[in-house]
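Right, one structure below, let's go through it.
No value in this document is a laboratory result; all are computed from the given coordinates. In this text the structure is predicted, and so the values were computed from the model without any measurement. With ideal geometry, Cβ positions are generated from the backbone for all residues, glycine too; neighbour counts draw on all protein chains shown.
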Amino acid sequence: MLAGTALLRLLQLASPSLPIGAYSYSQGLEGAIDLGLVHDAASARDWIGGQLLDVVAHFDAPLQWRLLQAFDQRDGTAARGWSERWLASRDTFELRAETVQMGYSLRQLLVALQGDEPHGVGLLELLDEASLSLPAAYACAAAALGVPAPAALLGAVFSWTENQVLVCVKTVPLGQVAGQKMLLALSPLVEIAVRSAQELPDAALSNWAPGLSLLSMRHEVQYSRLYRS
């Protein structure tokens, strides 16, 4: 069981207060709310749950898992390859800008946190050689702070889920209690996504979600919006 320093570092990495700008992105969810596809607690839960099972479990989480392993093993070739695959899968301007901006911010935060006591010798150099993305920077931070890959993966998927719930709380809008109930209801799907990510073979990876891509494109020209994606 994860405990002590490693658990504290994981909680810090997965916290919504981590200053990398996650709160300013909705990953297409604001577009779905604007169209009325998400309009109450039930539709919000269905939307986020569908994303978890159809996109996160089949592509986003498996790539995060592979990047966590690559940084743990100091494998530069794998780190570059999987980060480039991630960037190539961001098929709208907003989604690509999001992962690059947050990846850069997390890298800068890691530099600041290290101070005079560097963690994970060579990891930042490895990150700089890879194509910068949020999953690559997160994997680098997890390895540098000594968070085991399985726990780091769970933290990443939960953090994504929590941010989506917060978007719904603020934008649908939903009450705080409704948001917490939704997080509890989505927990089994988070666990499914994490297990699937560690078992899925490379050939089975797929982020086929044309509806989400279209929503993201529409959001780029949406008249009124709170979020950057």
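For helix 41-51, report the angle its Cα long axis makes with the longest principal axis of the Cα atoms of the chain; keep it between 0 and 90° and round to the nearest 10°.
Orientation of helix 41-51: about 40 degrees from the principal axis.
Ranked highest first by the average count of other Cβ atoms within 10 Å around their residues, in what order do 31-37, 73-79 fall?
Ranking the peptides 31-37, 73-79 by packing returns 31-37, 73-79.
Could you put Asp60, Asp128, Asp72, Asp91 in order, starting from the residue whose Cβ has the fewest other Cβ atoms within 10 Å?
Values: Asp60 23, Asp128 10, Asp72 17, Asp91 14.
Ordered from fewest to most neighbouring Cβ atoms within 10 Å, Asp60, Asp128, Asp72, Asp91 come out as Asp128, Asp91, Asp72, Asp60.
Based on other C-beta atoms within 10 Å, arrange His58, His39, His219 from fewest to most.
Details: His58 20, His39 14, His219 24.
Ordered by Cβ neighbours within 10 Å, fewest first: His39, His58, His219.
Compute the projected area of the convex hull of the Cα atoms of region 96-168, averaged over all viewing directions, and report it in nm² to one decimal place.
Values: hull surface 20.9 nm².
Here the figure is 5.2 nm², rounded to one decimal.
For Tyr138, Tyr25, Tyr104, what's the fewest-to-most ordering of other Cβ within 10 Å of each Cβ? Walk me through the intermediate numbers first.
Values: Tyr138 28, Tyr25 21, Tyr104 16.
Listed from fewest to most nearby Cβ atoms, that is Tyr104, Tyr25, Tyr138.
Can you give the helix-only mean residue ellipticity at 222 nm for the chain, where every DSSP H stretch with n ≥ 4 adds -39500 (n - 2.57) and the sum goes over all residues, rounded to the nearest 500 deg cm²/dmol?
Working: 11 runs with 151 residues, N = 229.
After summing the helix terms and dividing by residue count, I get -21000 deg cm²/dmol.
Cα-based Rg of the chain per 2.2 N^0.38 Å, rounded to two decimals? Intermediate values should be presented prior to the final figure.
Numbers: Rg = 16.9 Å, N = 229, 2.2 N^0.38 = 17.3 Å.
That works out to 0.98 for the chain.
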